[in-house]
Amino acid sequence: MVLYAPTGTGFTYQWFVDGDIITGATSGTYISSFSGAYTVAVTDADACRDTSAEEIVVLNLSPMANAGADASVSVNTSAQLTGTASGGTQPYNFSWQPASVIASGASENIATSLPMTSSTVFTLYVSDANGCQGSDEMIVSVHGGMLGVAINAAQLLFAAGILLFFTRW
C-alpha cells in the first residue's frame, strides 16, 4: 500500500511504523510492506515539525506453500509428502494434486494412496483464513523395478560385461 505525506518546498520526511523509525524512509511517499500503524513526521524549511495521525495498514499477504524437497522411492511403494505453510493468516487449508494418487483427507503431511510406479510431480496448494492462496511443487522419482527385454532372432545383447549372442535354429 502506498502512503502519501503532504508535499511542499523544503519539506523533509521521516516515516514510522508502530512508533518505530523506518530506516531510510525519508521521502514524501512510502510503500508499506507489512501491517501496522504508520505515521509520518514532516519538517518544513523553518524547522517546524508536525506528525500525521496514524494510518492503520492491514495487508493480507498470501501464504507461502512449501511442498518439501524432491524425493525418491522404490517402485510399488508409497511416498510420504510433507508440506508446510507460512505467512498469510492461519488457519491453513491444504490440498495435494494429483488427487488421484493421494490418500483421502486434506493435510500438509500425507501419503500417496497407491503404490508409485512412475515419477510424479506433486503440487501443494495452501489457502488461508482470508482465502489467499499459495502453491509449491515437488517431484517424487521412482526407481527400481523389473527390466523388460525382448529378444529377437540374431540379436546381440551385452549385459553385466558378458557378450551374449542369440540365434534362431
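How much length, in nm to one decimal, is gained on full extension between T51 and N76, taken as 0.36 nm per residue of separation minus their Cα-Cα distance?
Answer, rounded to one decimal: 2.3 nm.
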- [ ] Quote the relative contact order of region 62-139 in percent (integer), defining contacts as alpha-carbon pairs under 8 Å separated by 6+ residues.
- [x] 42 percent
Task: Amide hydrogen neighbours beyond the local backbone of T89, cut-off 5 Å, H modeled - done: A129, N130
- [ ] Using the Cα centre as the reference, give the magnitude of the dipole from point charges on the C-beta atoms of region 2-57 (Lys, Arg: +1; Asp, Glu: -1; all else neutral), rounded to the nearest 20 debye.
- [x] 140 debye
Open item on the list: At a 10 angstrom cut-off on C-beta neighbours, averaged per residue, how do the peptides 33-41, 66-74 rank from highest to lowest?
Closed with: 33-41, 66-74
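Bear in mind that the values in this text are calculations on the coordinates, not laboratory data. Predicted model only: the values in this text are computed from it and were never measured. Every residue, glycine among them, receives a Cβ derived from its backbone with ideal geometry; neighbour counts consider all protein chains shown.
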